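Presented below is the structure to which this report refers.
The values are calculated or read from the model by the stated rules, or taken from the named source; none is laboratory data. Remember, predicted model here, so these are calculated numbers, not experimental data. Methodologically, a virtual Cβ is constructed for each residue, glycine included, from the backbone with ideal geometry; neighbour enumeration extends over all protein chains shown. Each accessible area value is taken on the protein alone, full model and side chains, heavy atoms only, with ligands, DNA and RNA left out. Shrake-Rupley method; radii C 1.70, N 1.55, O 1.52, S 1.80 Å.
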Amino acid sequence: MNNFYYGKSGKGDFRKEDLPKNRFQLFFAMLRVRFMGLCSLNVISALAFVPMGLVLGYAVLSLITSLNVKSACDEILLNAGFVLDGMMDESTLALAAQTLLDAGKIQAEVNIALNLSGALQSMLLITLALLVPCIAITGPVQVGMAYITRNWARDEHAFVWADFKDAVKQNWKQSLPVSVITGLIPLVVYTSWTYYEALAVQNTLFIVPQAIVCMAAILWCLALVYIYPLIVGYEAKLSLILKNAFMIAIARLPQTVLCRLVTVLPAVIALLVGYFTPYAMYAMLILFAYYLIIGNALSRFVFASVSNAAFDKLINVHIEGAKVNRGMSEEDDWDDEEETLEN
């Protein structure tokens, strides 16, 4: 208890050289200090993400199961002289189904294998439709997390529950439309892609609107890194916030893309483990536990660190009196403080 209150004996005073000198040092220093706080913040906000996690988890497990069944059925049909491509006529389908049944496959697996393409399209459409309300309800929660992690990422204090609640109360009106749009985008992209893909069979020019829709969705995902921090950091209309978020995402494209790739890495690893190994259920459970304990808050902390750097470079330097590089060593600040103490 003595060490807890007074520190370890013999330890020197904190010096200006001990402050982080760049963004990487600041990020890892604050991550170490705020790790348990991030876990607490994640648990507080986890309830809003549970519906989305359940929908995605069920969809991924169904996809992996269907692909595994198709692979097994493909092997049996290939040995029997069939190729399962979804384009066989009724008599061939009936004969293939009988071949599978003779090999000991149950009727449900036969139906899944022979109608895999239609089943996957139907499952994907239903999943995307269910995700719209699931993602929409996360907006106010994410803006509260953005406020807390923004302060922590620049070495400022924030109460986990009190400041989270205040941030949600003050900014939910601007955050809700953002999350609704985010929930609609996957559904819009999928329906637009399939629609233009069918038209592209007749006219290859319809590939252009396909590409435009995909590029718009990707740009929105990149802009999301900055939208919620902009909402909690600046008093502006939502239209201006969105405009600045898109401009910053383009101006800081390499950093934003890297940020996005880092935050989806755990999900990619779990999907690869589930697809290439027989441990799909365990991979999904570990992934679910990761996001339940710290995953969402850690992603938001990464976004806050990246957005703080972008705002200091592109926005705050143009605002009179705005502080930049908070939490990092700045010689001028220390010199001014020393002169004040001497006077």
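Each of 172, 220 has its accessible area taken with a 1.4 Å probe; listed largest first, they run 172, 220. For the stretch 253-322, the fraction of 1.4 Å probe accessible surface lying on carbon and sulfur atoms is 77 percent. For the peptides 230-240, 132-142, the ranking by mean Cβ contacts within 10 Å, running from highest to lowest, is 132-142, 230-240.
Panel note: the C-alpha atoms of the stretch 143-200, placed on their principal axes, show extents of 55, 22, 13 Å (largest first). Each listed q (0.13, 0.27 Å⁻¹) maps to a log10 I(q)/I(0) for the stretch 260-328, found by the Debye formula over equal Cα scatterers with no solvent: -0.53, -1.11. Once the mean of 1/r is taken over each pair of separate Cα atoms and inverted, the stretch 124-227 shows a Kirkwood hydrodynamic radius of 15.6 Å. Residues 150, 260 ordered from highest to lowest accessible area at a 1.4 Å probe: 260, 150. Taking a spot 7 Å from the Cα of residue 257 along the direction of its beta carbon, which residues of the stretch 180-212 have an amide N less than 17 Å from it? Within reach of a label on residue 257, which here means backbone N under 17 Å from a point 7 Å along Cα→Cβ, the stretch 180-212 contributes 212. Both the radius of gyration and Dmax for the stretch 193-343 are 21.7, 81 Å, in that order, over alpha-carbon atoms. Length available on full extension from residue 275 to residue 32: 0.36 nm per residue minus the Cα-Cα distance, which gives 84.1 nm.
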